[in-house]
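Worksheet: the structure to be examined is printed underneath.
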Amino acid sequence: MSKQAVTVIGLGPMGQAMAAAFLKAGYAVTVWNRTANKADELVAQGAVRAATPAEALAAHELVVLSLTDYDAFYAVLGPATEALAGRVLVNLTSDTPEKARAAAKWAAGHGARHLTGGVQVPPPLIGKEGSQTFYSGPRDVFEAHRATLEVLTGADYRGTDPGLAQVYYQALMALFWSSMTGYLHAAALMRENGISAEEFRPHALKAADVSYFIGVMGEYLDADRHDGGEARMVMNAASADHVVHTLRDAGLDATVPVALAELFHRAVSAGHGEEGFTSLIKVLERPAG
């Protein structure tokens, strides 16, 4: 039986972690990066350094891409389209769902098949248990290469639409960045009051567990219910104002909390003041012109 093989294009921290995981699993690995010396450590571990993207594509059927964005995807592969025929492109590059759909169409036009991926863990967790990546695109392509992809992370197939993996990925990134920025605001306020991040940690962890709220809100959203009760938007807006005033009083930047407070007040102005927090989705679905 021939040795399992894969090409990895793009050797930032994520690409390097993926190539290393494949090498550790016994794969024949060919790598390419615009800055060639980023491959040095991988070559020392047994990878083959390709001189050009075309050479990297020609080396193996399965090609994993880890690039900055889809503009980089075209910049790298555009000059090497003659080498795309028959290749399977597993594009783990982050960008918009629409760009993923366009890239899949572009790849098909050059005889390649495109599988979109959204990696849910940072580079140090590649190859570790519990890690996960969303995939979407042709199911037969996903199933044919699933075992190889699972060398990197668990593989969560979301459907044939090439954009779906990025829909899930970007949705979770919106949640992630909002949460992490909220934590830094909270930590900054603690520091201004002489409280260390370590002392604050157990309280932050408790507040970060929003599973109850996501469960309840999900039921309300799917039922298109926005009952108010104690969580009326008018009260939420007042609470958001209190956060802004507290941060400003402490001399901290309040740009993001101000934007949130303005969003809450827009919901009140739009007539949702007596409705619950989930009514805010009506404002998010109809952004200000």
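Here are the numbers for the structure shown:
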quantity: Considering residues of region 229-255 that are out of contact with any helix residue (DSSP H, G or I) (no Cβ under 8 Å at 6 or more places or on another chain) and closer than 18 Å to residue 278 by Cα only, the residue surrounded by the most Cβ atoms within 10 Å (Cβ to Cβ); calculated: 232
quantity: Test: residue in region 192-199 that is surrounded by 13 or more Cβ atoms within 10 Å (Cβ to Cβ), within 29 Å of the chain's Cα centre (by Cα) and at pLDDT 95 or above; calculated: yes
quantity: Test: residue 246 is among the β-branched types (Val, Ile, Thr), in contact (Cβ under 8 Å) with a residue 40 or more places away in the chain, assigned to a helix (DSSP H, G or I) and farther than 30 Å from residue 116 by Cα; calculated: yes
quantity: Single match in 272, 265 (criterion: surrounded by 17 or more Cβ atoms within 10 Å (Cβ to Cβ), under 22 Å from residue 215 (Cα atoms) and in contact with a helix residue (DSSP H, G or I) (Cβ under 7 Å, 6 or more places away or on another chain)); calculated: 272
quantity: Selection from region 177-210 of residues that are over 20 Å from residue 253 (Cα atoms) and in a helix (DSSP H, G or I); calculated: 198, 199, 201, 202, 203, 205, 206, 207, 208
quantity: Tally of residues being among the acidic types (Asp, Glu), over 25 Å from residue 255 (Cβ atoms) and assigned to a helix (DSSP H, G or I) across region 211-243; calculated: 3
quantity: Region 73-102, residues that are over 20 Å from residue 135 (Cα atoms), in a helix (DSSP H, G or I) and of a type in the set (A, V, I, L, M, F, W, C); calculated: 75, 76, 77, 80, 83
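The values are calculated or read from the model by the stated rules, or taken from the named source; none is laboratory data. Here the structure is a predicted model, which is why all the values come from computation and not from measurement. Note that we place each Cβ from the backbone using ideal geometry, even for glycine, and neighbour counts take in every protein chain shown.
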